[in-house]
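Novice: Quick one: this structure, given as structure tokens, is what I'll be asking you about.
The values are calculated or read from the model by the stated rules, or taken from the named source; none is laboratory data. Computed from a predicted model, the values in this text were never measured in an experiment. We place every Cβ from the backbone using ideal geometry, glycine too, and count neighbours over all the protein chains shown. Protein only, heavy atoms only, side chains kept; ligands, DNA and RNA dropped before computing areas. Shrake-Rupley method; radii C 1.70, N 1.55, O 1.52, S 1.80 Å.
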Amino acid sequence: MQGGRIMSQVKHKMPEQDAQVRRHNFNEVALGYDAETAKAEAARCLQCKHAPCRKGCPVEIDIPAFIQQVKDGDFVAANSIIRDYNNLPAVCGRVCPQEDQCEKLCIRGIKGEPVGIGRLERFVADFSLGGTCPLPPPPPEVKIGKVAVIGGGPASLTVAGDLARMGYQITLFEALHTAGGVLMYGIPEFRLPKDIVKCEIETLKYLGVEVVVNAVIGKTFTVDELMQEEGYDAVFIGTGAGLPHFMKMPGENLNGVYSANEFLTRVNLMKAYKFPETATPVQIGRNVAVVGGGNVAMDSARTALRLGAENVYIVYRRSRDEMPARAEEVEHAHEEGVIFQLLTNPVQVVGDENGWVKGLECVQMELGEPDASGRRRPMEKPDSNFVLDVETVVIAIGQGPNPLIQDTTPGMDTNKHGNIVADDDGKTTKEGVFAGGDIVTGAATVILAMGAGKKAAASIHAYVQHKKQG
Amino acid sequence: MYKIIKAEELSAGVQSFIVEAPLVARKCQAGQFIILRIDEAGERIPLTIADYDREKGTIQLIFQEVGDTTKQMGKLKTGDYLLDVAGPLGKATEVENFGTVVCIGGGIGVAPVYPIARAYKNAGNRVISIIGARNADLLIMEKEMRSVSDELFITTDDGSAGHKGLVVDPLKDMIAAGEKIARVMAIGPMVMMRGVAEVTRPHGIHTLVSLNPIMVDGTGMCGGCRCSVGGETKFACVDGPEFDGHQVDFNGLMSRARMYHTQERQCKGDGSCHK
């Protein structure tokens with residue numbers, strides 16, 4: 001209780017585009033708090049001394065401190081507190097699963113809803129951007145080492161930013177034509193506007209990070225060449241989970257079947273939704289089935305709607321409770337009209353005589369005993385096959401590690417899935433080589449990759465300075 | 001930005017670019033390719049590296065003006081730039097002294113065959129080459145191919161140069177004459193590669209083909225270039241581009257090549273798909 005008023009048990013709502021309008025456009029869905037709403041939401045924070053929320057944050061942002069500044073109306077101070085911990089707050093305020101992290105541990109959540117920490121982070125970051133790219137303080141001029149960062153996604157951007165601020169000369173090698181990784185090619189514009197990502201990358205360039213695009217490490221350079229010939233003191237590998245998994249079911253190579261990676265890359269990175277103004281096309285049927293239940297599946301389904309599909313199905317073999325996607329993403333997809341075909345598993349893609357998809361044959365499932373993941377194991381119901389009439393199928397059942405670097409880097413161990421073996425500080429089994437993010441853990445979240453990047457940056461700093469003194 | 005040092009027309013609708021791309025030129029091997037993008041609105045297309053000069057830091061790209069992007073590339077001149085060139089991508093050709101190898105290039109496929117034939121030659125192989133085109137005007141790189149081949153056969157559909165017929169004709173003759181062929185490398189239109197594979201199959205001659213399906217990233221990320229090889233799905237960009245021609249499902253590939261025909265008809269190659 002404050003000032004005798006009973007504080008709201010629920011978060012202040014964040015305005016959103018109406019579901020029926022937004023399902024036809026690529027503009028951002030959530031519109032963000034205004035200053036008054038942000039201050040009011042900040043006032044819900046109890047300023048707990050032991051700050052349980054921080055323990056839920058992979059980069060341990062001083063959450064009560066920044067929220068206090070929001071409450072007091074000093075958004076600039078709030079921003080500088082967040083930026084001490086997090087290089088990409090405008091990104092994290094949008095795509096972090098706060099409900100499983102900081103907000104999960106919020107005391108306010110015991111009775112009612114937790115403080116809207118993610119919404120406040122987003123507000124503060126957007127306020128500081130103010131439609132422009134603010135410049136950070138200049139980095140030290142004297143360079144204390146030279147580090148190569150491979151990959152341009154969240155883990156790499158974090159390592160590059162942290163080390164550049166410490167005074168390292170950083171080169172970031174990106175295989176595609178623009179850095180950003182999954183933030184650029186994977187997460188759609190309507191969830192994370194690309195201008196925000198570009199701004200974060202501009203900020204890094206201002207810090208002196210040299211971004212080399214079109215450089216496919218393992219091909220253009222090997223890790224050994226970077227260290228032995230190009231003079232890098234250490235190398236960080238943050239190449240993510242970039243290899244799409246397929247179901248290995250019949251008909252998967254028919255025209256009209258996409259991996260979620262390809263579908264989203266065409267639309268997000270190559271801007272196929274503007275075709276023919278842009279040159280990259282995407283093929284979308286009136287009826288689309290997206291196979292999978294994670295965030296990538298939700299992104300694909302919602303993208304399909306925006307491309308003009310009339311009926312979009314999420315085909316998932318378990319029930320809604322087991323879906324790995326964030327509740328908010330599932331809710332948004334539902335509001336926009338995505339049809340959830342749960343407890344359903346595809347068995348084959350059905351083609352027409354010209355090699356095009358005309359249906360997805362599925363079987364109904366029921367849940368049995370819990371499996372290794374702790375979730376109830378889905379089992380086929382006998383004789384329950386049916387065909388969904390669709391012209392497009394998007395496979396969004398996960399991604400694995402791309403082997404290009406591992407295959408060309410002797411002395412660096414990988415596990416049975418092909419992920420790089422690294423300790424908690426990001427050290428691999430090869431001296432001077434560090435790794436973090438999805439390439440180590442398998443596909444996870446932006447913020448976990450950033451948390452790994454933070455630890456790796458500290459560990460790289462210790463390694464390089466020790467080597468230089470040695 | 002990647003500067004076009006020299007743009008020249010090799011035959012009607014077939015262009016050669018020498019492009020400044022030092023990071024590609026220092027590492028590339030026969031059989032590898034690059035992905036390029038003309039400008040900010042452009043699509044990413046793969047092109048095989050036809051030649052390279054490590055000292056000058058340049059690569060040669062040879063392309064036929066068939067799609068929206070290649071038609072627009074045809075308008076670029078010496079001194080213009082390509083926005084992106086990424087590579088070298090794909091696995092390099094396996095090169096050893098195998099004995100006698102036959103290198104077959106059809107149409108624009110002669111361009112990627114050339115560095116492979118040269119690499120085979122340098123490794124001590126006896127190189128017999130067959131190059132073909134619809135007519136004499138469309139025949140490219142005859143001089144270059146002759147310089148790296150012990151024997152060179154030329155075929156054209158209309159007989160305006162060399163033998164009138166298909167590239168498989170001299171191959172059939174060689175096999176009939178008892179020539180001991182260690183392997184065949186065939187690059188060209190899909191029907192040609194399939195045709196070569198069918199000629200060599202009964203004789204058990206190891207036959208490689210180089211695939212050029214639709215790609216986006218070229219690094220194994222999208223799976224758009226997937227093809228069935230020996231019943232297994234492979235990604236041409238990272239598992240290839242060369243595969244055992246006797247194992248490749250050409251029908252599936254030809255079908256996948258038609259994926260964007262509707263959209264391609266919207267593009268006139270005049271920049272309408274791409275501003």
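Novice: By what distance, in whole Å, do the Cα atoms of region A:336-470 stretch along each of the three principal axes, largest value first?
Specialist: Projected onto the principal axes, the Cα atoms of region A:336-470 cover 69, 40, 33 Å.
Novice: Could you list the trypsin sites (Lys or Arg not before Pro) in region B:129-223 that lie in coil according to DSSP, counting only those with at most 11 other Cβ atoms within 10 Å of their Cβ?
Specialist: Numbers: sites: B:Arg134, B:Lys143, B:Arg146, B:Lys164, B:Lys172, B:Lys180, B:Arg183, B:Arg194; in loops: B:Arg134, B:Lys180.
Counting only loop positions with at most 11 other Cβ atoms within 10 Å, the trypsin sites (Lys or Arg not before Pro) in region B:129-223 are B:Lys180.
Novice: Gaussian network model of chain B, Cα springs within a sub-10 Å range: biggest mean-square fluctuation belongs to which of B:Thr48, B:Thr70, B:Thr233?
Specialist: It is B:Thr233.
Novice: Averaged over its residues, how many other protein chain Cβ atoms are within 10 Å of peptide B:259-267's Cβ atoms? Show your work: numbers first, answer last.
Specialist: Values: counts 9, 6, 1, 2, 8, 1, 0, 3, 4.
Taking all residues of B:259-267 together, the mean is 4.
Novice: Shifting gears a bit: Can you give me the long-range amide H partners of B:Cys103? Hydrogens built in the peptide plane at 1.01 Å from N, cutoff under 5 Å, separation of 5 or more residues or another chain.
Specialist: B:Ile128, B:Ser129, B:Ile130, B:Met185
Novice: Taking DSSP loops as anything outside H, G, I, E and B, show the longest stretch in chain A free of GluC sites (Glu not before Pro) there with at most 14 other beta carbons within 10 Å. The partial results should precede the final answer.
Specialist: Details: sites that count: A:Glu141, A:Glu229, A:Glu230, A:Glu277, A:Glu310, A:Glu353, A:Glu431.
Counting at most 14 other Cβ atoms within 10 Å as exposed, the longest clean stretch of chain A is A:1-140.
Novice: A further question on this structure: Between B:Arg134 and A:Glu16, how many nm apart are label points set 7 Å from Cα along the C-beta direction?
Specialist: Using points 7 Å along Cα→Cβ, the separation is 5.5 nm.
Novice: Please give the Cα centre distance for region A:258-293 versus region B:1-68, rounded to the nearest Å.
Specialist: What the calculation gives is 27 Å, centre to centre.
Novice: For the pairs A:Lys11/A:Lys71; B:Lys121/B:Lys143; A:Lys13/A:Lys111; A:Lys11/A:Lys454, note any where the Cα-Cα span goes beyond 20 Å.
Specialist: A:Lys11/A:Lys454
Novice: Beyond 39 Å, what percent of the Cα pairs of chain A remain? Numbers along the way, then the final one.
Specialist: Values: 27614 of 110215 pairs.
Looking at chain A, the distances longer than 39 Å represent 25 percent of pairs.
Novice: Of A:Pro138, A:Ile196, A:Ala435, whose Cα points farthest to the positive end of the dipole of chain A (charges on the beta-carbon: +1 Lys, Arg; -1 Asp, Glu; origin at the Cα centre)?
Specialist: The residue sitting farthest along the positive end of the dipole is A:Pro138.
Novice: Right, something else. Computing the accessible area with a 1.4 Å probe over protein heavy atoms, can you report the carbon and sulfur percentage for region B:2-89? Each step should come with its number before you reach the end.
Specialist: Working: 1600 of 3290 Å².
Its accessible area is 48 percent carbon and sulfur atoms.
Novice: Determine the percent antiparallel among the DSSP beta bridges restricted to the protein assembly as shown, to the nearest 5. Don't skip to the answer; put the middle values down first.
Specialist: Details: 56 of 112 bridges.
In the protein assembly as shown, approximately 50 percent of DSSP beta bridges are antiparallel ones.
Novice: Further question: At a probe radius of 1.4 Å, figure out the B/A buried accessible area, summed over both chains, and give it in Å² to the nearest 100. Kindly include the intermediate steps, with their values, before the conclusion.
Specialist: Values: alone 12800 and 20700 Å², together 29910 Å².
About 3600 Å² of accessible surface is lost on pairing.
Novice: Continuing with this model, one more query. Taking region B:100-257 on its own, what percent of its Cα-Cα pair distances exceed 26 Å? Write out the running numbers ahead of the final one.
Specialist: Numbers: 3122 of 12403 pairs.
That fraction is 25 percent.
Novice: What does the charge dipole of the protein assembly as shown about its Cα centre add up to, to the nearest 20 debye, if the Cβ of each Lys and Arg holds +1 and the Cβ of each Asp and Glu holds -1?
Specialist: Numbers: 80 positive and 93 negative charges, 177 e Å.
Charge dipole of the protein assembly as shown: 840 debye, to the nearest 20.
Novice: Note down the nm distance, to one decimal, between modelled labels 7 Å out along Cα→Cβ at A:Lys143 and at A:Glu60.
Specialist: 3.0 nm
Novice: Region A:191-265: Rg/Rh from Cα coordinates, Kirkwood Rh?
Specialist: 1.09
Novice: Under the definition of Cα pairs under 8 Å and six or more residues apart, what whole-number percent is the relative contact order of chain A? All intermediate terms of the calculation are to be shown ahead of the outcome.
Specialist: Values: 1003 pairs, mean separation 71.9, N = 470.
Rounded, it is 15 percent for chain A.
Novice: Now for a different question. Can you give the FRET efficiency for B:Gln247 and B:Asp169, using 1/(1 + (r/R0)^6), R0 = 35 Å, r = Cβ-Cβ distance, to the nearest 0.05? Don't skip to the answer; put the middle values down first.
Specialist: Numbers: r = 24 Å, r/R0 = 0.69.
FRET efficiency, B:Gln247 to B:Asp169: 0.90.
Novice: To the nearest µm²/s, what D does Stokes-Einstein give for region B:66-111 at 20 °C and 1.002 mPa s, using the Kirkwood radius over alpha carbon pairs as Rh? Write out the running numbers ahead of the final one.
Specialist: Working: Rh = 14.6 Å.
Translational D for this selection: 146 µm²/s.
Novice: Now for a different question. Would you mind getting the Kirkwood hydrodynamic radius of chain B from its Cα pairs, rounded to one decimal in Å?
Specialist: Numbers: mean 1/r = 0.0529 Å⁻¹.
That comes to 18.9 Å for chain B.
Novice: If eta is 1.306 mPa s and T is 10 °C, what Stokes-Einstein diffusion coefficient results for region A:6-59, Kirkwood Rh from Cα pairs, in µm²/s? Show your work: numbers first, answer last.
Specialist: Working: Rh = 13.9 Å.
Reported coefficient: 114 µm²/s.
Novice: Listed here are the pairs A:Lys194/B:Lys234; A:Lys194/B:Lys71; A:Lys194/B:Lys77; A:Lys430/A:Lys468; which of them are more than 22 Å apart at the Cα?
Specialist: On the way: A:Lys194/B:Lys234 32 Å; A:Lys194/B:Lys71 30 Å; A:Lys194/B:Lys77 33 Å; A:Lys430/A:Lys468 18 Å.
Result: A:Lys194/B:Lys234; A:Lys194/B:Lys71; A:Lys194/B:Lys77 exceed 22 Å.
Novice: By a straight-distance test (C-alpha under 17 Å), which lysines pair with A:Lys219 as possible cross-link partners, with residues fewer than eight away in the same chain excluded?
Specialist: By straight Cα distance, A:Lys219 reaches B:Lys27, B:Lys91.
Novice: Consider all pairwise Cα distances in region A:1-147 and report the whole-number % of them above 20 Å. Mind showing how you got there, number by number?
Specialist: On the way: 5442 of 10731 pairs.
Within region A:1-147, distances greater than 20 Å cover 51 percent of Cα pairs.
Novice: Pick out, from A:Gly337, A:Met247, A:Ile110, the residue whose Cα sits farthest towards the positive end of the charge dipole of chain A, with +1 on the Cβ of Lys and Arg and -1 on the Cβ of Asp and Glu.
Specialist: Working it through, the farthest residue towards the positive pole turns out to be A:Ile110.
Novice: Next question. Running a GNM on chain B with Cα contacts under 10 Å, which residue among B:Met193, B:Met185, B:Met259 ends up with the highest mean-square fluctuation?
Specialist: In this elastic network of chain B, the residue with the biggest mean-square fluctuation among B:Met193, B:Met185, B:Met259 is B:Met259.
Novice: Also, I was wondering about something else. Not counting the cut sites, what is the longest span of chain A without trypsin sites (Lys or Arg not before Pro) that DSSP labels loop and that have at most 15 other Cβ atoms within 10 Å? Could you put the intermediate results ahead of the total?
Specialist: Working: sites that count: A:Lys13, A:Lys49, A:Lys111, A:Lys143, A:Lys248, A:Arg286, A:Arg375, A:Lys416.
Of all site-free stretches, the longest is A:144-247.
Novice: GNM, chain B, Cα, under 10 Å: largest mean-square fluctuation among B:Glu142, B:Glu43, B:Glu179?
Specialist: Comparing B:Glu142, B:Glu43, B:Glu179 in the GNM, the peak value goes to B:Glu179.
Novice: Also: Put +1 on the Cβ of each Lys and Arg and -1 on the Cβ of each Asp and Glu in chain A; which of A:Phe173, A:Gly351, A:Ala327 then has its Cα farthest toward the positive end of the dipole?
Specialist: Toward the positive end, the furthest listed residue is A:Ala327.
Novice: In whole Hz and in residue order, list the ³J(HN,Hα) couplings for region B:47-55 that follow from phi through the Karplus curve 6.51 cos²θ - 1.76 cosθ + 1.60, θ = phi - 60°; x for Gly and Pro.
Specialist: 9, 6, 7, 7, 6, 8, 10, 5, 5
Novice: Need one value for A:168-179: mean number of C-beta atoms belonging to other chains within 10 Å of its residues' C-beta atoms.
Specialist: Values: counts 0, 0, 0, 0, 0, 0, 1, 8, 10, 11, 2, 0.
Average per residue, whole number: 3.
Novice: Diagonalise the Cα gyration tensor of region B:2-89 and give the resulting equivalent ellipsoid semi-axes, square root of 5 times each eigenvalue, largest first, whole Å. The partial results should precede the final answer.
Specialist: Numbers: eigenvalues 68, 38, 31 Å².
Value: 18, 14, 12 Å, ordered largest first.
Novice: Another one. Rg (Å, one decimal) plus Dmax (Å, integer) for the alpha carbons of region A:48-114?
Specialist: 11.7, 32
Novice: I would also like to ask the following. Report the charge-dipole magnitude of region B:31-96 in Debye, nearest 20, computed about the Cα centre from +1 at each Lys and Arg Cβ and -1 at each Asp and Glu Cβ.
Specialist: Details: 8 positive and 12 negative charges, 21 e Å.
It works out to roughly 100 debye.
Novice: Roughly how crowded by other chains is peptide A:254-260, in terms of the mean Cβ count from those chains within 10 Å of each of its Cβ atoms? Write down the numbers at each step before the final one.
Specialist: Numbers: counts 4, 8, 1, 4, 4, 5, 2.
Per residue, the average neighbour count from other chains is 4.
Novice: In deg cm²/dmol, rounded to 500, what helix-only [θ] at 222 nm does chain A give when every DSSP H run of at least 4 residues adds -39500 (n - 2.57) and the total is split over its residues? Write down the numbers at each step before the final one.
Specialist: Values: 16 runs with 147 residues, N = 470.
Per the formula, -9000 deg cm²/dmol.
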